[in-house]
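Please read the structure below before turning to the comments.
The values are calculated or read from the model by the stated rules, or taken from the named source; none is laboratory data. Since this is a predicted model, take the numbers as computed values, not measurements. Note: ideal-geometry Cβ built from the backbone for every residue, glycine included; neighbour counts use all protein chains shown. Side chains included, ligands, DNA and RNA excluded: accessible areas come from the protein's heavy atoms. Shrake-Rupley method; radii C 1.70, N 1.55, O 1.52, S 1.80 Å.
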Amino acid sequence: MKLSRELTNGLLIFIGIGIYFLIMQALNLSDLYYMRMLNIVFIFYFTNLTLKSNYKEGKNSFPVNAKSALITSLTGVILSIISLAIYSDIKGGNKYIESLSDSFLFGGEPTIASYSTSLLFEGIVSAVIVSFTLLLFWKRRYPSDS
């Protein structure tokens, strides 16, 4: 069974973010919030790859490409949040989350669920922003027939 381009690139976003996160953990850089924010590069790159492939195939309809971009970016984000929750549980649960949240803007004592939920909302917003930014970039390069 062959996965669609959107799911394949979404999985590559997930793998890229996962490897990046593990490297940051190994180098003790995971407490630096600006290093954690660089994971958006993976979302940009692979969502752009999806759109680039669509336009090469002649798919220049804005709704079709919006759907492709959002599926790609949201797949990567959702899989990454799920794996972070599982990884956090394995590494010590809420104690591990507290160590991550020291450099994040959380009040009180966050749980895995609250941390994951807030990161999920943040990830969805960034995925939408990235998708529509890239859609506007590609729309300018390849105007649709509307």
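A compact table of results
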read-out: Computed helical MRE - 222 nm, the chain, DSSP H runs ≥ 4 contributing -39500 (n - 2.57), nearest 500; value: -25500 deg cm²/dmol
read-out: Sulfur and carbon atoms: percent of accessible area, the chain [1.4 Å]; value: 68 percent
read-out: Within the chain: Cβ-based charge dipole about Cα centre, in debye rounded to nearest 20 (Lys, Arg +1; Asp, Glu -1); value: 780 debye
read-out: Accessible area per residue, Å², the chain with all protein chains present, probe 1.4 Å; value: 59 Å²
read-out: Signed unit charges on C-beta, dipole axis of the chain, positive-most listed residue Ile129, Gly58, Leu79; value: Gly58
read-out: Whole-number D in µm² s⁻¹ for segment 23-132, Kirkwood Cα-pair radius fed into Stokes-Einstein, 10 °C, 1.306 mPa s; value: 104 µm²/s
read-out: Whole-number percent relative contact order across segment 1-122, with pairs defined as alpha carbons under 8 Å at least 6 apart; value: 31 percent
read-out: Mean Kyte hydropathy of 1.0 or more with a Cα span along the axis of at least 20 Å, helices from DSSP in the chain; value: 5-26, 62-90, 112-141
read-out: Pairs of lysine residues in the chain - Cα separation under 17 Å, sequence separation of 8 or more or cross-chain; value: 7
read-out: Rounded FRET efficiency, nearest 0.05, which uses the C-beta distance separating Tyr45 from Phe121 and R0 of 22 Å; value: 0.45
read-out: Per-pair calculated FRET efficiency, R0 = 30 Å: Leu27 and Asp89 via Cβ, rounded to 0.05; value: 0.85
read-out: Cα-projected label distance for Lys52 with Ala113, points at 7 Å along beta-carbon direction, nm; value: 4.2 nm
read-out: Two-site FRET efficiency, Ser61 against Leu3, from Cβ-Cβ distance with R₀ of 25 Å, rounded to 0.05; value: 0.70
read-out: Heavy-atom SASA rank of Ile43, Ile23 (probe 1.4 Å, accessible area, largest first); value: Ile23, Ile43
